Amino acid sequence: MKTIGIKSITGSISGNALALKGSSYGIGWELDDLMESYAAPVGALAFNENFVSFLIRPGAKAGDPAILTSEPLSGYPLVDNSVITTNAGRAAAIFVEQIPGDSGAPEIIKIRGNVPLKSQPVRRSVAIQRPVHYYLEALRRQLEIEGIDVSDCGIKEEYSASASGGSGGLYLLMTHESAPLAELLTPIMKESLNMPAETLLRVLGLEIRGEGTAVAGIDVVAETLEKMGIRKGSYVYSDASGLSRRNLISADVFVRTLGFMYRQPVFPQFYAAMAVAGTDGTLKNRLTGAAVKGNIRAKTGTITGVSSISGYMRTADGEMLAFSMIANNYASGKSVAEDIQNRALLRLARFTRN
């Protein structure tokens, strides 16, 4: 904007996120998850995966208010801080409650609890419930950093398809195109990013069905799986992130999908997007033994009581295998389920037909 002579902005910085419609959450998401960063709402305007992190430090002495800072936007959102410093030796306990606020102001987050004296800072990440406002505040601050005066600017969330900021005098300042899908897919797959995955589902609906909703995106996915020979009724697909407990699928469907992708021209990009055992993503600290490190490319899936891993690996003969293991409704803890999966994969890595 500076390059075309804009030095200041007055009035409002407005944002309209109506390109993606319908629910901002996945079908079947649990109410208890909705404040967590991994269950942040989806929106056409999004910043920092629509979550904020709070760093909570103890005060100078017992009884003092805790010291709280927010990232990535200092002082955003508004915080009602009731966290108290307690005597050393007690465990920290942090509780969060959200108050939406009106369209012209950020939401308010109430944080209460305690942190022990001289303890390490406690980090608590919380989903933002007003992603449009969050995005616009980040934009306003970036304009300020770039030397554009926005001191008289307000923030305005638009929810009307006809909202245009007034008639006439409008012109395009900039168009930004995203990176190719293969590049976008890599962090989603490797790091198991929920909000970007949910956004991608809705963009599929927008681009292919002309409707930026999860329902339209799910229809596109079902049609694609049908072309792979995986019929409707052999699975239940409710969201893109896997947070929904309504998702029902067998290891066989995963293996058939992996086999189909192996035969496609885009397989190198698909394969490269997966986490590498003992190296990066959700497998960085897992499967680190000599026979499996770097040999397994996989996507993990984890919610309480569920642990899955599906992907590709090579045997001792160099033979490529597609595999999928899903553990459900266990009471022994995630580490036990993962240990069983790891031992099975190690055995497959050492397998030889000779």
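Values quoted throughout were computed directly from the atomic coordinates according to the rules given, and no laboratory measurement underlies them. Computed from a predicted model, the values in this text were never measured in an experiment. A quick note on method: Cβ atoms are made from the backbone with ideal geometry, for glycine too, and the neighbour counts reach across all protein chains shown.
Structure notes:
- Dipole of the chain, positive direction: furthest Cα of Met325, Thr224, Gly305, with charges on the beta-carbon: Met325
- Local electrostatic count, Gln264, Cβ distance below 14 Å [Lys/Arg +1, Asp/Glu -1]: +3
- Summing charges over neighbours of Gly278, with a neighbour being any other residue whose Cβ is under 11 Å away from its Cβ, gives +2 when K and R count +1 and D and E count -1.
- Under 12 Å, Cβ to Cβ, from Thr213 - net charge with Lys/Arg +1 and Asp/Glu -1: 0
- Whole-number percent relative contact order across the chain, with pairs defined as alpha carbons under 8 Å at least 6 apart: 15
- FRET efficiency for Lys334 and Asp252, using Cβ-Cβ distance with R0 set to 25 Å, rounded to 0.05: 0.60
- Taking every DSSP beta bridge that has both ends in the chain, the antiparallel portion is near 70%.
- Using Cβ point charges alone (K and R +1, D and E -1), the dipole size of the stretch 181-349 about the Cα centre works out to roughly 380 debye.
- Antiparallel DSSP beta bridges within the stretch 47-131, as percent of all bridges there, nearest 5: 70
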